Structure formats: C-alpha cells, structure tokens
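Colleague: Dropping a structure here in structure tokens format, bear with me for questions.
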Amino acid sequence: MGAETLDLEIKDHLMSTSEEFQRLVQEHQAYERRLEALTTKTYLSEEEKVEEIRLKKKKLFIKDQMQQLISRAKQQRVGAQ
C-alpha cells in the first residue's frame, strides 16, 4: 500500500470517526472559500489584505493540526499491526 493511499484511508477514517478532524476540515474549507473570494477581486483594500494574510495563517495552522491527527492515527495503525 502506498503512502498516499494510506493517507487517504486515514483521512476517510478520521472524517467518519473524529469530530475534531471534521471540524478542522470544515474550518479549512471555509478559509479556502473566503480566500478564493478575495483572489477574484482586482483590488484588495487594506482591510482585505490584512484579512488575506490572517486567513492564510489560520488555514496553515488548521492544516498543521489536521496533519498531527493524521500522523497520530498512522502511528496507532502501525503500532496495532
């Protein structure tokens, strides 16, 4: 089994079993949608520029948290085998 396949299986498992992971995915998607809305604008106000930076940082933080949960699940899976 490849690493990508394992990651997908773990993400699917976490999506169906972990409320925390589900919440993180939803937050990540919400930040992504808002960033996409900002990037469609020709010009960003100063407030929007600050918001864009803040959203990128929050999105990265959420992604790091999701990755920690995935890594923990991988370790548990390997330890159980």
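No value in this document is a laboratory result; all are computed from the given coordinates. Only a predicted model underlies this, so the values are computations on that prediction, with no experimental measurement involved. Every residue, glycine as well, gets a Cβ built from its backbone with ideal geometry; the counts of neighbours run over all protein chains shown.
Colleague: 7 Å from Cα along Cα→Cβ at both Q29 and E47: what's the point-to-point distance in nm?
Modeller: 2.8 nm
Colleague: If I histogram all Cα-Cα distances within the chain using bins 10 Å wide from 0, what percent of pairs lands in each bin?
Modeller: Here the calculated profile for the chain is 17, 39, 24, 15, 5, 0.
Colleague: Subtract the Cα-Cα distance of Q65 and T5 from 0.36 nm times their separation in residues, and report this length gain in nm to one decimal.
Modeller: Between Q65 and T5, full extension yields 19.6 nm more.
Colleague: Would you calculate the separation in nanometres between label points at K56 and R77, each defined as 7 Å from the Cα along the Cα-to-beta-carbon direction?
Modeller: Taking the two extended label points, one gets 3.2 nm.
Colleague: Just L24, L38, L69 to compare: in a GNM of the chain, with alpha carbon springs under 10 Å, which one fluctuates most?
Modeller: Residue with maximal mean-square fluctuation among L24, L38, L69: L38.
Colleague: List the relative contact order of the chain as a percent without decimals, with contacts defined as Cα pairs under 8 Å and 6+ residues apart.
Modeller: 39 percent
Colleague: Something else now. Using a 10 angstrom cutoff on alpha carbons, build the Gaussian network for the chain and name the most mobile of S16, S45, S71.
Modeller: Taking springs between Cα atoms under 10 Å, the residue moving most is S45.
Colleague: Restrict the search to the range 1-79; then list the chymotrypsin sites (Phe, Trp or Tyr not before Pro) that DSSP places in a loop and that have at most 13 other Cβ atoms within 10 Å of their Cβ.
Modeller: Passing sites in the range 1-79 are Y43.
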